[in-house]
Amino acid sequence: MNTDDVVLHARDIVKTYGGTRALKGVDFGVHRGQVTTLFGENGAGKSTLMKILSGVEQPTSGSIILDGQPVTFATTNDARDHGIAIIHQELSLAPNLSVRDNIFLGREITRAGGVDYAEETRQAAALLADLRLDVSPAAMVGDLRVGQQQIVEIARALSIDARILIMDEPTSALAAKEVEILFGIIEEHTARGVSLVYISHHLEEALQVTDHAVVLRDGTMTARGDREEIDLAWIVQHMVGEHFDLGSPPEGHAFGDPVLEIQDLTVRDPENPERAVVDELSLTVREGEIVCLYGLMGAGRTEVLEAVAGRGRIAGGRILYRGQQLGPESIGERIAMGIGLVPEDRQRDGLVQTMSVGQNLTLSSIRQFLTRGFLSRRKETALADGLIRDVTVKAPGPQTPIGSLSGGNQQKVVIGKALATGPGVMLLDEPSRGIDIGAKAEVFGLLADRAREGLGVVYSTSEVEECFSIAHRIVVLRRGRISAEFGPDAAKSDVMAASGEVVTS
Ligand SMILES: Nc1ncnc2c1ncn2[C@@H]1O[C@H](COP(=O)(O)OP(=O)(O)OP(=O)(O)O)[C@@H](O)[C@H]1O
Ligand SMILES: [Mg+2]
């Protein structure tokens, strides 16, 4: 590595958490005015390394050199004072505060006598405009969709005017259009000399911005390359150690009876009841069928799935599960009937952060372990162990606290939890957020197996490649309506065009 252009250098970093050696002596350099991407499987140690560079965590041993001088960051404030900002993988916003207050939390702009709210509002509005987020600085963060929250998280990091900007999975909840906007901003920043670290499991996307790539595997650096030396195959090979391909859709098989029938479903925007976010939509899913729901962010995919799962109010139409019309059942009752949901927001709806991996996995299926009011711990543990294997969660065991898992491994727990309820239909809302390519293939294989046994699946995604790897049928949503349907042999560009996306290649 040419060390002249390395502005920040992590040297021989070791980090242990109890018995886990998350980093085993890693050297990592951040290049001045360029983008260094960090690749690696779930649990490889990427976030841990970034937390150390931004003062969130302290290394067990090793040193950090900034501009040739050794530094220590005891807190995130220390790192920030040195011009280092981080966008966290797990959203770290306060839901009960406004967008503006989140952006300036802990760094309020003051004027004689107090906080200068007017100036904060002005700066927040300018940042949101740069990011093309059409949300008021006064809006409560808790009312925003995950993708919008992610953009606020980005705005907060940009407001610091850092010289080193770390982005840990900044696009996992963003649609293609928003990713493009972010990439424009990255370009502006690097042109001004800002140095970037970028982490993503959207490998093709990350390749677009990469100047230098580093691959971590099990806490050790396995490869380093400059832009002209690397491609997708290079990344995957160093990440998982073999050639890899997400595969093609499951073989067609005979589908059974309709398991889910959505008829003329209408859902209105709670903020603006004039507007239908789902507009008289009808869709039938049969036993054993995997339907991919493709569309841009805001197309209505989440609202369709939430209506089926019993979240949110429907304004019209009806939903049948195994021929039986759903009424006012609670979410819990729908789960018991056989409707499983992997929600969009794992922090808010998917996981209980104070519980263990095992408890989270079995939380929704607890009924199965009750015999005359007694909980069978043995059965619960057996189920948890099986699920940890099935969805390939990397954790020492079911007792591990969920918060100590890497981001991608937490997402696998959310998927396992929905599978544990033994659903007849499984609804997955952008479930591949942050999971690595190997785990994604495992999850796809698992869903295909379950479909062969009769499970109906609705898989919602904004990544078109995923549709072609998993679905028997691709249904495209646009402005709350189905704009087109395709078989697995369709052309990618046709599917994208039907969503309203501008197809460039
Ligand atoms: N607070 C913690 N306590 C215990 N173990 C932890 C803690 N934080 C991280 N780990 C462990 O350190 C290892 C590396 O985790 P890290 O979050 O850095 O992975 P990652 O590469 O960011 O993965 P992902 O792609 O899933 O985000 C994992 O085995 C994880 O379980
Ligand atoms: Mg991570």
So, in nm, how far is label R21 from label R145 when the simple model puts each one 7 Å beyond its Cα toward the Cβ?
4.5
Calc'd 3J(HN,Hα), the stretch 179-194, phi into Karplus 6.51 cos²θ - 1.76 cosθ + 1.60 (θ = phi - 60°), Hz, glycine/Pro = x, comes to 5, 4, 4, 4, 5, x, 5, 4, 4, 4, 5, 5, 4, 8, x, 6
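With an 8 Å cut-off on Cα pairs and a minimum separation of 6 or more residues, tell me the relative contact order of the stretch 3-240 in percent. Before the final figure, lay out each step's value.
Details: 446 pairs, mean separation 65.4, N = 238.
Contact order relative to length: 27 percent.
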So what's the Cα pair-distance distribution over the stretch 8-134, bin width 10 Å, in %?
11, 34, 30, 20, 5, 0
So which trypsin sites (Lys or Arg not before Pro) in the stretch 169-219 pass both tests, a DSSP loop state and at most 16 other Cβ atoms within 10 Å of the Cβ?
R192
Could you give log10 I(q)/I(0) at q = 0.06, 0.10 Å⁻¹ for the chain, computed by the Debye formula over C-alpha point scatterers of equal weight, without solvent?
-0.28, -0.81
Taking θ = phi - 60°, what integer Hz values does the Karplus form 6.51 cos²θ - 1.76 cosθ + 1.60 yield along the stretch 210-219, in sequence order, with x for Gly and Pro?
5, 9, 9, 10, 10, 10, 9, 9, 6, x
Over all directions, the stretch 451-492 yields a Cα convex hull whose mean projected area in nm² is 3.3
Helix 377-390: inclination vs the chain longest Cα principal axis, degrees, rounded to 10, gives 70
Going by alpha carbons, how many degrees (0 to 90, nearest 10) lie between the helix axis of 117-130 and the longest principal axis of the chain?
70
Compute the long axis of helix 146-159 from its Cα atoms, compare it with the longest principal axis of the Cα atoms of the chain, and write down the angle in degrees, 0 to 90, nearest 10.
10
Using each residue's phi in the stretch 268-278, evaluate 6.51 cos²θ - 1.76 cosθ + 1.60 at θ = phi - 60° and report the 3J(HN,Hα) Karplus result to the nearest Hz, with x for Gly and Pro.
9, 5, x, 6, 9, x, 5, 9, 8, 7, 10
At a 10 angstrom cut-off on C-beta neighbours, averaged per residue, how do the peptides 123-130, 106-113, 406-413 rank from highest to lowest?
406-413, 123-130, 106-113
When all alpha-carbon pairs of the stretch 3-240 are counted, what percent fall beyond 31 Å?
22
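Express in nm, to one decimal, how much length is gained between Q58 and E204 on full extension, taking 0.36 nm for each residue of separation and deducting their alpha carbon distance.
Values: separation 146, 0.36 × 146 = 52.56 nm, distance 3.18 nm.
49.4 nm is the gain from fully extending Q58 to E204.
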Given the alpha-carbon gyration tensor of the stretch 262-366, what are the semi-axes of its equivalent ellipsoid in whole angstrom, ordered largest first, with each equal to the square root of 5 times an eigenvalue?
25, 18, 14
Report the relative contact order of the chain, percent, no decimals, based on alpha-carbon pairs under 8 angstrom and at least 6 residues apart.
16
Antiparallel content of DSSP bridges confined to the chain, in %, to 5:
60
So for the pair Q325, T72, with labels modelled 7 Å out along Cα→Cβ, what separation do we get in nm?
6.9
Expected 222 nm ellipticity per residue - DSSP helices of 4 or more, -39500 (n - 2.57), all of the chain, to 500:
-9500 deg cm²/dmol
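Values quoted throughout were computed directly from the atomic coordinates according to the rules given, and no laboratory measurement underlies them. Everything numeric here is computed off the predicted structure, so don't read it as measured data. Cβ atoms come from the backbone with ideal geometry, glycine included; neighbour counts cover every protein chain shown.
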